[in-house]
Each structure stands twice: as structure tokens, then as C-alpha cells.
1. Apply the Karplus parameterisation 6.51 cos²θ - 1.76 cosθ + 1.60, with θ equal to phi minus 60°, to every residue of segment 33-47 and state each ³J(HN,Hα) to the nearest whole Hz, in sequence, with x for glycine and proline.
2. Using Cα springs under 10 Å in a Gaussian network model of the chain, which residue among 153, 48, 140 shows the largest mean-square fluctuation?
3. log₁₀ I(q)/I(0) of the chain at q = 0.10, 0.15, 0.17, 0.18 Å⁻¹, via Debye over equal Cα point scatterers, no solvent, to two decimals?
4. Does a label point 7 Å from the Cα of residue 24, set along Cα-to-beta-carbon, have any residues of segment 169-212 with amide nitrogen under 11 Å, and which are they?
5. Report in % the part of the accessible area of segment 6-224 that belongs to carbon and sulfur, leaving out ligands and nucleic acids; probe 1.4 Å.
6. What length, rounded to one decimal in nm, is gained on full extension from residue 94 through to residue 166, with 0.36 nm per residue of separation minus their alpha-carbon distance?
7. How big is D for segment 128-195, in µm² s⁻¹ as a whole number, if Stokes-Einstein is applied with the Kirkwood radius of its Cα pairs at 4 °C and 1.567 mPa s?
8. Report the gain in length on full extension from residue 191 to residue 76: 0.36 nm times residue separation, minus Cα-Cα distance, nm rounded to one decimal.
Amino acid sequence: MSLPIQIVPSVLPADFSALGAACAALDEAGVDKIQWDVMDGHFVPNLTFGPDVIAACRQHADVPFEAHLMVERPDDLLHLYVEAGCEMLIVHAETTSHLHRTLGRIRDLGSQPAVAVNPSTPIDEVVQVADLLDMVLIMTVNPGFGGQKYISTMEPKIRELRRQLNEAGFPEIDIEVDGGISASTIAGASAAGANVLVSGSALFKYPEGLGHGVKDLRSIAEAART
Ligand code: DX5
């Protein structure tokens, strides 16, 4: 039984002067949850959302929020993003030397733990902590900016992660991809085994609008499943 397809917008391309309205429009458009790309200017060369920005937007959407923590010291910030209303926290494996402890802390804070790996990071340590995970994010761009080109060589990595998680007895763990996901790239990621698909630029620029974009991306991803 395959996990349901989830279409998740990144609000990175949204109008930062009207983020609450953007969240309401995304909710209306039928997204499954909303991803906040949290960047600290150190782990990635960009600076974005503090917890207060997310807290201010919480009331404008009913769908879950997830914080994609592209930050050097995630352990110092976990509680702030949970208090801001994020149901899931995604930490980068590259930013903590005690990943098992960090994921356990997220669970203790009442949020869902997830881990992200950059294109060059192997998936081995992720499988070691699968018992603490609700989701694994395979980056399909180098993190820091939206609008980058999808790295299709990540598809074998997605396939291998799905195989290893299933083999280890964790078929219920979601696999998310993020970066360059559009109507022309989503099929490859879905066919490889990703069931949670983050789209920023392609969704916000969708010619027929957000609602059609969510619907079309979902049907392409569903049709691509082997
Ligand atoms: C990279 C960001 C982006 C963003 C989506 O650090 O995580 O991947 O969410 O960007 P698009 O969909 O515009 O490539």
C-alpha cells in the first residue's frame, strides 16, 4: 500500500508583505500542509522566517505547518518553532552531531520529527534513526534559494531510501522532496518513491493559478506511481 501523495507549497516565493493572505490562499487551493523555509544566513546564504512570523500566520490557515530548519544550531530553536505552531520540524542531518537526541527532543516537544539531507549527504545515518522519524526530506537542490534546477540524479537516492526504509520495517515513513519540483519534474520524483512533494516557484507561478496547480501536480504525481 503506497503512502498518499501530499502537495506542499514552500512560501519562499510568496509576497512577504502578505504572508497571512498567502497561507489562506494556499489552504483554499487544497494544499496538504505548508512548508516554511527557515534560513539563518549561516547554514545557507539566505535569511528568512523567525518564529514570530510563522506564529502571526498560524491563524490564517487550518492545514499543518512544517518548519524546514536550514540553520546551524537547530537545538537552540526547536521549542520556538513548535510554540509558533509548526506540527513538524525538519532538521538537516548536516547541522547536528547528535541527530538521535535532536529528533527525540522534537518528539518530546510534541512535534513530528523529520530529517533532511542535502544532495551530497548519504542516507545511511537517516536509516539508523528511522524509529524516531515521521518523514525524510531528500533535497533536490542545494538549499538556500527557490527557483533552482531540479537535480534528477537524486532519484536513485530516493528509490534506495524507500527500499531501505521498507526493508527495515518503516514503510509508513513519508519521503519528501524539495527543490525544482514542477509539472515537468514531479513525475520522476514520485515514480522514484517520494510521496510528499514541495513546490515553491512552479506552484506560485502556475499559469492557471494555485488551485489548478495543486490539482495538476497531484494528478501527475499520482499517475507516475509505479
Ligand atoms: C531551498 C528551498 C526551496 C524551496 C522551493 O532551500 O527549500 O527548495 O523550498 O523552491 P522551488 O520550488 O522554487 O525550487
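The values are calculated or read from the model by the stated rules, or taken from the named source; none is laboratory data. These numbers were taken from a predicted model, which means no experiment stands behind them. In this analysis, Cβ positions are derived from the backbone assuming ideal geometry, glycine residues included, and neighbour counts consider all displayed protein chains. For accessibility, only protein heavy atoms count, side chains too; no ligands or nucleic acids. Shrake-Rupley method; radii C 1.70, N 1.55, O 1.52, S 1.80 Å.
1. For segment 33-47, the Karplus curve yields 7, 10, 9, 9, 7, 8, 10, 10, x, 10, 4, 10, x, 8, 10 Hz.
2. Looking only at 153, 48, 140, the largest GNM fluctuation is found for 153.
3. Rounded to two decimals, the profile gives -0.39, -0.94, -1.25, -1.42.
4. none
5. Numbers: 4650 of 8880 Å².
On segment 6-224, the fraction of accessible area on carbon and sulfur atoms equals 52 percent.
6. Values: separation 72, 0.36 × 72 = 25.92 nm, distance 2.37 nm.
Here the segment from residue 94 to residue 166 would lengthen by 23.5 nm.
7. Working: Rh = 12.3 Å.
Reported coefficient: 105 µm²/s.
8. Extending this stretch completely gives an extra 37.7 nm.
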